[in-house]
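Following: one structure in structure tokens, then a few remarks.
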Amino acid sequence: MINNNNTTMPPSSAQSSTATNAQSPGLKTYFKTPEGRYKLQYEKTHPTSFVHFPLGKTITQVTLAPFKDKPAQAPPSTSSSMSVSSGVRSAASRFLGGGNGSRALSFVGGNGGNKSVSGSSRVGSMGPSSSTSLTGTSNFDGKGTYLVFNVGDAIFISDSNSQDKDPIKCISFNNAIPVCHAFDPDAKDGHDLLIAFVTGDVYLASLRQQLQDVGKKLVGAQHYNKDGCVNNPIARWHICQGSINSIAFSTDGTYIATVGRDGYLRVFDYKNEQLICGGKSYYGALLCCSWSVDGKYVLTGGEDDLVQVWSIEDRKVVAWGEGHNSWVSGVAFDSYWSPPNSDDSGENIMYRFVSAGQDTQLLFWDLELDEIIVPLRRAPGGSPTFSAGNQSSHWDTACPIGTLQQAPSMRDVPKLSPVVAHRVHIEPLSDLILVQESIISGCRDGFIKIWSRPGFSEIQSNGSDAVLNTTLKEKPLTGKVGSHTYKQ
């Protein structure tokens, strides 16, 4: 499954600079927002010598991997006896194609109902692997923050706080295309990097060991195929008839949102395995979703070029944003942004979120709850009003729990316009990450840019980890997190 050829791929700063310059003709290295100027800090990409044309176009996804203190060594475990001890691994196991048959549920074909489905279990074999150091020597000291991204049939690892554009590590796979990956900083067994493939196979590996063991095979990786093994997957959920394009957990881990090829958002009670609510896009598939840090709202984006804002309390769309000229490939609430005002109750009344599109643009949006005015019914031949009167039926009541809704009429839902729009790449954007000191954007061909936020000083070239080390510690917004009161 994994390529055995240990082809040397030496770094070349000159080649990287040439590639980057070719990637960004006419693009500004900064953009302005109401809070100040975002400035391009670093650029990352794959080596120019890397060839991935035989695999055609693949979509680059980016994972941020901040290392904590070196974890205590745990006894080695085999794939047949390994327990699911992290949220990342549990999430992956639930959405693989197979299961052990004892806890397999299907949510397809009904509004909220689920039924048991049969499944089988078998252990997949571990394939050969190879990894290549692109720097020649290992300077890994067990600290720092790294970017993991996929291009073609390879995974690349870059030091996020280094000015070098080229990655420091490459893991190549033969005829198996990585489609997504995740990093679990709290993995007690050391298997902190999860890589999933288009075939349904999943590898659990140690990113720390990969950085330490330069030029060796994929170290200590455990392989799970789509039909599962003794302990994984722990359950199987049949969500929809097409592919699942994105999943996102609420901050407190209570709920999980999924979007897929069929164009539906589905929100589940994760522990009770129950569909809470969901609805359809205006057109085509949904590609991405994201939670507000307080768990009250979910963003979705997709092939209708729109961003939808869902209220979990009301179980319906409360706003939609128009501004992209192509598919929306990434959305994220900015939990580090400080709203200019708040009400006396201490609850959030304003949110900032960002979207990335295949039109190569980043869009910034403000969701001000006081300004989301419920539209009224449109009189025949007339225009909608926004004053007191007979409300649209979309707002009459909260939808019953477990109901999948059709898209409401656009005239019945308030429209948002972006406060900032900036073209950041020449290729369609494929991923978006917001951290405390920066915003990370990635395009589908493997070019990544790190934009420093207003007010943050330049990062020195002495290996400072100040920029991205606080990624996983979200700044809590004012108000209660995870306190939901559903309307019946």
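Odds and ends about this structure:
- Scanning segment 293-309 for residues that are in contact (Cβ under 8 Å) with a residue 60 or more places away in the chain and outside any strand (DSSP E or B) yields 293, 294, 295, 296.
- Close Cβ contacts (under 7 Å, 6 or more residues apart or on different chains) running from residues in segment 402-418 that are within 23 Å of residue 256 (Cα to Cα) to residues that are among the hydrophobic types (A, V, I, L, M, F, W, C) and modelled with pLDDT under 90 comprise 405/399.
- Residues of segment 306-343 satisfying the condition of being closer than 23 Å to residue 260 by Cβ and under 18 Å from the mean Cα position of the chain (by Cα): 306, 307, 308, 309, 310, 327, 328, 329, 330, 331, 332, 333
- Enumeration of residues in segment 251-272 that are assigned to a loop (DSSP other than H, G, I, E, B) and more than 24 Å from residue 204 (Cβ to Cβ): 251, 252, 254, 261, 262, 263, 272
- Taking each residue of segment 142-168 that is within 13 Å of residue 179 (Cβ to Cβ) and looking for partners that are modelled with pLDDT of 90 or more and among the acidic types (Asp, Glu) with beta-carbon atoms closer than 7 Å, six or more apart or interchain, yields nothing.
- Among (1) more than 21 Å from residue 369 (Cα to Cα); (2) in contact with a Cys (Cβ under 6 Å, 6 or more places away or on another chain); (3) modelled with pLDDT under 95 - the single one residue 270 does not satisfy: (2)
- Residue count for segment 183-216 under the criterion of being under 19 Å from residue 159 (Cβ atoms) and among the small types (Gly, Ala, Ser): the result is 3.
- Residue in segment 256-272 that is over 25 Å from residue 418 (Cβ atoms), out of contact with any Asp or Glu (no Cβ under 8 Å at 6 or more places or on another chain) and of a type in the set (Asp, Glu) present: yes
- Residues that are surrounded by 12 or more Cβ atoms within 10 Å (Cβ to Cβ) and either modelled with pLDDT of 90 or more or outside any loop (DSSP other than H, G, I, E, B) (or both) within segment 10-26 comprise 15, 16, 17, 18, 19, 20, 23, listed in sequence order.
- Scoring residue 199 on the criteria (1) assigned to a loop (DSSP other than H, G, I, E, B); (2) in contact (Cβ under 8 Å) with a residue 60 or more places away in the chain leaves a single failure, condition (2).
- Selection from segment 424-455 of residues that are under 18 Å from the mean Cα position of the chain (by Cα), in a loop (DSSP other than H, G, I, E, B), buried (at least 21 other Cβ atoms within 10 Å of the Cβ) and not β-branched (Val, Ile, Thr): 446, 447
- Here residue 325 meets the list (1) at pLDDT 95 or above; (2) over 21 Å from residue 62 (Cα atoms); (3) assigned to a strand (DSSP E or B) almost entirely, failing just condition (3).
The values are calculated or read from the model by the stated rules, or taken from the named source; none is laboratory data. Computed from a predicted model, the values in this text were never measured in an experiment. In this analysis, Cβ positions are derived from the backbone assuming ideal geometry, glycine residues included, and neighbour counts consider all displayed protein chains.
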